[in-house]
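Inspection log for the structure reproduced underneath, given as structure tokens.
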Amino acid sequence: MLALPLICSSLAALAIAPAACRSLAAGPLARENYRGRIVACPLGIVIVLAALLALGPLALAQQLSHRTLLPADIGWISVLVFGVALLGLADDALAGKARGWRGNLAALGAGRVDTGALKAVGTLSLALFVTAGRAGGTGRFLLSAAVLALSTNAFNLIDLRPGRAVKALVLLGAGLTLASGALHPLWALGLFAGPALVLGAYDLRERGMLGDTGANLLGALAGAWMVLTLSASGLLVALALLVAFTIYGEFCSISALVERAPVLRHLDSIGRPNDAIDA
């Protein structure tokens, strides 16, 4: 029963993805990928739609059967994921020229409010809201909020090549699950993780692009997975790594780093179309 949200939302994603990709490819937000191909974007919105399609029937079935089909953490996770996806969609639709923290600060200094800055503030606000009142006291509250916010931003930095963001989520989730032996976080995130894997496959095969909508969503899932799994000391380590990664990504190219590391380059290339490997 615990896997039911993941199964139902995955099936919903498989059902709607082909038609949704065709519509997005012909829509105003279709985007040129790193190889100059126009692809469907943002696929992240399809993840949200699949989760919503599964959520209603699951809630109805839970009410009628008097059985627990939705995990206890689904409330705050849904608020976070839907919220950051909406912020990402605004960035996909209305983004200006500013990129990164320095670009956003420069825009603010020039009297312009870029969607990137609004997204950063909105993500932090959501992170503070959903972690408020959770067990663990003020220290864990602040650590959790910071990890959620920075993880969302980190996946925006990662999502520069097809499939890279979803691979990062899978590797992180597998590592956390193996280290902790706990499956509860997977079931808690399953409503969104299932569609993310389905649409991640479309992203990997260059049949579409997650966009900021999808990158935000995957980053929120990664952050929530860490919050649900790690102790306070573990969250502190995660926060330090996320801060270091954010600073590195602000001044250096993540893609260049991947290309310089043979293991990362191989992982990055797995599953891509053959003509994309050397592009």
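The values are calculated or read from the model by the stated rules, or taken from the named source; none is laboratory data. The structure presented is a predicted model; accordingly, all values stated were derived computationally and were not measured. Quick reminder, even Gly has a Cβ in these numbers, built from the backbone with ideal geometry, and neighbours come from all protein chains shown.
Numbers at a glance
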| item | result |
| --- | --- |
| Residue match in the stretch 137-156 (condition: surrounded by fewer than 19 Cβ atoms within 10 Å (Cβ to Cβ), basic (Lys, Arg), more than 17 Å from the chain's Cα centre (by Cα) and not in a helix (DSSP H, G or I)) | no |
| The stretch 55-84, residues that are modelled with pLDDT of 95 or more and basic (Lys, Arg) | none |
| Unique residue being crowded, with 23+ Cβ neighbours inside 10 Å and under 30 Å from Gly75 (Cβ atoms) when the list is Leu197, Leu236, Leu189 | Leu189 |
| Test: residue in the stretch 17-35 that is closer than 18 Å to Ala193 by Cα, more than 21 Å from the chain's Cα centre (by Cα) and without any contact (Cβ under 8 Å) to a residue 40 or more places away in the chain | no |
| Within the stretch 175-279, helices (runs of 4 or more DSSP H) holding 2 or more residues that are within 23 Å of Leu11 (Cβ to Cβ) and at pLDDT 90 or above | 184-204, 211-229 |
